[in-house]
Ligand code: UD1
Ligand code: CA
């Protein structure tokens, strides 16, 4: 039998108080709806129908390839949404899974298990339930004295006895298409919210003599439906804990789980230590035996083995084996840090390749540059890459030595093994092996201070107010 999935994501999400559609609110950097689609991803579907309505342009733009979009406008309830999806399905003779777009904690195994239970039992409907400590906000599962399923009652329609029921409707169902369509035709919007409730379908199916089954969640945490920002934050914590647990189980040390945030798509190899206050997001991959953090903020970073990154921000970068980054470094998109490179404090690197074992240890900006192997970039060196209109490239050859406080005015090339004297402003290419000195020659004015005092009088006796005298001004610098 064919299988279709229906994802309901048309609701307004009123309780979020947001301009953004609810299903686009993010957990660990990824929209809620992405998690729901991931939960579907382990099973093959003949099609996935996404029912959208409120803010549909944004939802469609963000999930263009996720399946077939169906517009529900106005949004008249979950039952109405499913009816529209069935009308769009090429055939009814199939299993239809219904999942809500605001349920990001449902696991793929749970979806699979529900489908298999449903199909094995040959049921017309199988609804997933969970027993929770705090059932507020959920539909309650009403059973008879023998424990047989009777119906689901929404909280707003429940009487005080029904509200005490702790078995709730998770909002994940499997249906046999033809009988689902039949039951959807029977439901009415005669309830507290004036909506067509999908949940009423179950009651109608039973009344028509169809087989309605329930399956129970092992881990009630999965049941969380996100209706407001408190639930969003709580679900994010659950997800965060799950991810940290998985990494620790696979051989990653997480020094302080309470202050560590790792996104769902991050991969970390064994014997890496993630220290306190680190945030790893996006498509970040980290190799073996690394020390990441304290306070490493990485997104979309491809990190090799044995890398040390601490107190640093890096986005869209590559950091090869054995490199060290930080403290207080900023690696921006396109930074490729070679093996054994040292990026030190207060260094910013953007769109630049830093060759193996090169050093940029302190206070530098390297942008749009190709830095060769074993180059030493002295403290305070700046690539002057922007002329106010365009960005220009700086190329530094292997083994070059750039003295402290150098400006490299791009476009410019420093050849292999060349030296640049400290304090130079380099505007012309430097041939390999040459020394470039590009600074004003020092002038010492002998006995200048004495003559100054003769003209303007003696300075105060206060030692703090005295100008520095003698030795420093007399000292000669080598060329
Ligand atoms: C729903 C269930 C409730 C269950 C709970 C689980 C119904 C009637 N109630 O309640 O039994 O315990 O989920 O979290 O189904 N949607 C549409 N079109 C609409 C209305 C809603 O696409 O016209 C979508 C929403 O965007 C949302 C999902 O359906 O993603 C669920 O709707 P919501 O209003 O959040 O239902 P709950 O009140 O949480
Ligand atoms: Ca909900």
| message | For segment 120-135, check the following and say yes or no: at least one residue is free of Cβ contacts under 8 Å to residues at least 40 places away in the same chain, within 16 Å of ligand 2 (Cβ to nearest atom) and either in a loop (DSSP other than H, G, I, E, B) or in contact with a helix residue (DSSP H, G or I) (Cβ under 6 Å, 6 or more places away or on another chain) (or both). | response | yes
| message | Can you find a residue that is within 23 Å of residue 219 (Cα to Cα) and within 38 Å of the chain's Cα centre (by Cα) anywhere in segment 176-184? | response | no
| field | Of all residues making up segment 415-451, the number that are closer than 19 Å to residue 369 by Cα and in contact with a helix residue (DSSP H, G or I) (Cβ under 9 Å, 6 or more places away or on another chain) | value | 0
| Has segment 147-154 got at least one residue that is within 16 Å of ligand 2 (Cβ to nearest atom) and farther than 22 Å from residue 5 by Cα? | yes
| query | Do we have residue 355 as modelled with pLDDT of 95 or more and either in contact with a strand residue (DSSP E or B) (Cβ under 9 Å, 6 or more places away or on another chain) or surrounded by 19 or more Cβ atoms within 10 Å (Cβ to Cβ) (or both) here? | reply | yes
| Can we say residue 136 is exposed (fewer than 14 other Cβ atoms within 10 Å of the Cβ) and within 16 Å of ligand 1 (Cβ to nearest atom)? | yes
| said: Here's a check for you: in segment 399-432, which residue that is under 36 Å from the mean Cα position of the chain (by Cα) and part of a loop (DSSP other than H, G, I, E, B) is surrounded by the most Cβ atoms within 10 Å (Cβ to Cβ)? | reply: 410
| query | Across segment 80-109, what is the total count of residues that are surrounded by fewer than 20 Cβ atoms within 10 Å (Cβ to Cβ) and either under 22 Å from residue 30 (Cα atoms) or within 16 Å of ligand 2 (Cβ to nearest atom) (or both)? | reply | 3
| said: Tell me the residue from 112, 162 that is under 34 Å from the mean Cα position of the chain (by Cα), more than 16 Å from ligand 2 (Cβ to nearest atom) and either assigned by TED's automatic domain parsing to the domain that holds residue 56 or within 30 Å of residue 58 (Cβ to Cβ) (or both), please. | reply: 112
| field | Every residue from segment 98-126 that is within 16 Å of ligand 1 (Cβ to nearest atom) and farther than 21 Å from residue 231 by Cβ | value | 114, 125, 126
| Matching residues, segment 273-290, being outside any loop (DSSP other than H, G, I, E, B) and more than 14 Å from residue 319 (Cβ to Cβ) | 273, 274, 279, 281
| remark: Of the residues in segment 224-241 that are outside any helix (DSSP H, G or I) and under 21 Å from residue 131 (Cβ atoms), the one that is nearest to ligand 1 (Cβ to nearest atom) is 225
| query | Looking at residue 170, is it in contact with a helix residue (DSSP H, G or I) (Cβ under 7 Å, 6 or more places away or on another chain), over 22 Å from residue 115 (Cα atoms) and either within 9 Å of ligand 1 (Cβ to nearest atom) or in the same structural domain as residue 213 (by TED's automatic domain parsing) (or both)? | reply | no
| How about segment 172-195: which of its residues are within 16 Å of ligand 2 (Cβ to nearest atom) and crowded, with 22+ Cβ neighbours inside 10 Å? | 172, 173
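The values are calculated or read from the model by the stated rules, or taken from the named source; none is laboratory data. Computed from a predicted structure; not experimentally measured. Here Cβ is always computed from backbone atoms with ideal geometry, including for glycine, and neighbour counts include all displayed protein chains.
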